[in-house]
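For reference, the structure discussed in these notes is given below.
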Amino acid sequence: MSRFLPHPLLSCALTLMWLLLTRFSLGHLVLGSAIALFAGLAFARIEPQAPRIRAWTPLLRLVGIVSVDIVRSNWAVARLMLTNGRHGARKSGFVRIPLRLRDPVALAVLAVVLTATPGTAWLEYDPEAGTLLLHVFDMIDEAEWHALIRDRYEALLLEAFA
Amino acid sequence: MTALATLPPWLMLLVAALLVLGSTLTLLGAFGLLHLKSFYDRLHAPTLGTSWGTAAILLASMLCWSWVQDRVFVHELVIGLCVMVTTPVTLMLLGRAALHRDRAEGQPDIPPAPDRGEQD
């Protein structure tokens, strides 16, 4: 199993994508699976370690939480863009956040989450100290951001990835 | 264009509303990119376009074509996924390049590079 399918998740996702982009038929299923298998084998030469996902429920919960947060922060940032010139009270700033996450895949997911929610930008991660430098568009309280990242996203990611 | 005329009014309204929402957000992002003062602030503006800006337009496209073609049409999910996964790469590159430049120039208000081992 693992010799022929070193990256089962990647191969599954590629097969699904192939079927999405073509019309579903048996021929496309076979062709897509063959390509996905080959791609998985090729990718194993670059990155031998497949991501280890321990639990799926926290990931699903994360997807739900993040979709809500994306809508909310889109609204907040869009409003700030419009009112910024008139009030000028918005202050942006840097926050350095200590992270407990070490798994590279989990960190990548966190980066996608933080980028997808407007208002936070991932600037720099220091792997030795395990700290992340964020730039926050509308800085109200620094401690609030620490708590938000730690309790809302990081806890779920720690649960999900081994 | 005749196929588009078969859309029922409620779906037309929904698709139009989503398109307007998505393009407005993208426009706002572009506007922010133009008028914000600091580089780090400007980093945030285009993420409006890459998050709900893209999502709303893709949703509109999915709804419209699923109706017209009379089957579930979800190609757009792949576009959305690719946009979502690739934006952090560009953003990090730009952000780190700016940080490096500002530190080298000794700009004030820029957080220092982490000290090895004794930070936080």
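Read-outs: derived from the displayed coordinates by stated rules, not from any lab. This structure is a prediction, so every number in the text was calculated from the model and none was measured. Note that we place each Cβ from the backbone using ideal geometry, even for glycine, and neighbour counts take in every protein chain shown.
Counting partner chain Cβ atoms within 10 Å of every residue's Cβ in B:41-53, what's the average?
Mean number of neighbouring Cβ atoms from other chains: 6.
Please average, across the residues of A:112-120, the number of beta carbons from any other chain that are within 10 Å of each residue's own beta carbon, and give a whole number.
Taking the mean over all residues of the peptide, I get 6.
Can you order the peptides A:25-32, B:31-38, A:8-15 by their average number of other Cβ atoms within 10 Å per residue, highest first?
Ranking the peptides A:25-32, B:31-38, A:8-15 by packing returns A:8-15, B:31-38, A:25-32.
What does the convex hull of the Cα atoms of the range A:101-162 come to per residue, in Å³, rounded to a whole number?
78 Å³
Could you tell me the calculated FRET efficiency between A:ALA155 and A:ALA13, based on Cβ-Cβ distance and R0 = 25 angstrom, to the nearest 0.05?
0.45
If you build the convex hull over the alpha carbons only and average its shadow over all orientations, what do you get for the range A:1-56? Give it in nm² to one decimal.
Its Cα hull, projected and averaged over all orientations, spans 4.4 nm².
Please sort A:128-136, A:144-152, B:39-47, A:90-98 by packing, taking for each peptide the average over its residues of neighbouring beta carbons within 10 angstrom, highest first.
B:39-47, A:128-136, A:90-98, A:144-152
Taking only Cα atoms, what is the 0 to 90° angle, nearest 10, from helix A:104-116's long axis to the longest principal axis of chain A?
Between the helix axis and the principal axis of chain A, the angle is about 50 degrees.
Using the Kirkwood radius over Cα pairs, work out the Stokes-Einstein diffusion coefficient for chain B at 25 °C and 0.890 mPa s, in µm²/s as a whole number.
Approximately 143 µm²/s, per Stokes-Einstein.
Could the peptides A:53-59, B:58-64 be put in order, highest first, of the mean number of other beta-carbon atoms found within 10 Å of their residues?
By packing density, highest mean first, the sequence is B:58-64, A:53-59.
Semi-axes of chain A's equivalent ellipsoid from the Cα gyration tensor, sqrt of 5 times each eigenvalue, largest first, rounded to whole Å?
Result for chain A: semi-axes of 37, 20, 13 Å.
Kindly provide the helix-only [θ] at 222 nm of chain A, computed as the sum of -39,500 (n - 2.57) over DSSP H runs of four or more divided by all residues, to the nearest 500 deg cm²/dmol?
Taken over chain A, the calculation gives -18500 deg cm²/dmol.
Taking beta carbons within 10 Å but only from partner chains, what does the mean come to for residues A:66-75?
3
If you take the alpha carbon radius of gyration of the protein assembly as shown and divide it by 2.2 N^0.38 Å, what ratio comes out, to two decimals?
Scaled against compact globular proteins, the figure is 1.13.
What FRET efficiency would be calculated for the residue pair B:HIS100, A:ARG23, taking the C-beta separation as r and a Förster radius of 51 Å, to the nearest 0.05?
0.60
Once label points are set 7 Å from the Cα along Cα→Cβ at both A:SER33 and A:THR83, what is their separation, rounded to one decimal in nm?
Distance between the two pseudo-spin positions: 5.6 nm.
Under DSSP H, which helices of chain B have Cα atoms covering 20 Å or more of the helix axis and a Kyte-Doolittle average no less than -1.0?
The qualifying helices are B:9-35, B:54-69, B:75-105.
Starting from the Cα-Cα distance between A:TRP75 and A:ILE53, subtract it from 0.36 nm times their residue separation and give me the gain in nm to one decimal.
Difference between extended and current length: 4.7 nm.
Between B:LEU34 and B:ILE110, how high is the FRET efficiency from 1/(1 + (r/R0)^6) when r is the Cβ-Cβ distance and R₀ = 22 Å? Nearest 0.05.
FRET efficiency, B:LEU34 to B:ILE110: 0.40.
Any chance you could give the angle, 0 to 90 degrees and rounded to 10, that helix A:26-46 forms with the longest Cα principal axis of chain A?
So the inclination is approximately 70 degrees.
Take the alpha-carbon centre of the range A:112-155, take the same for the range A:12-80, and report the distance between them in whole Å.
A separation of 23 Å, based on Cα centres.
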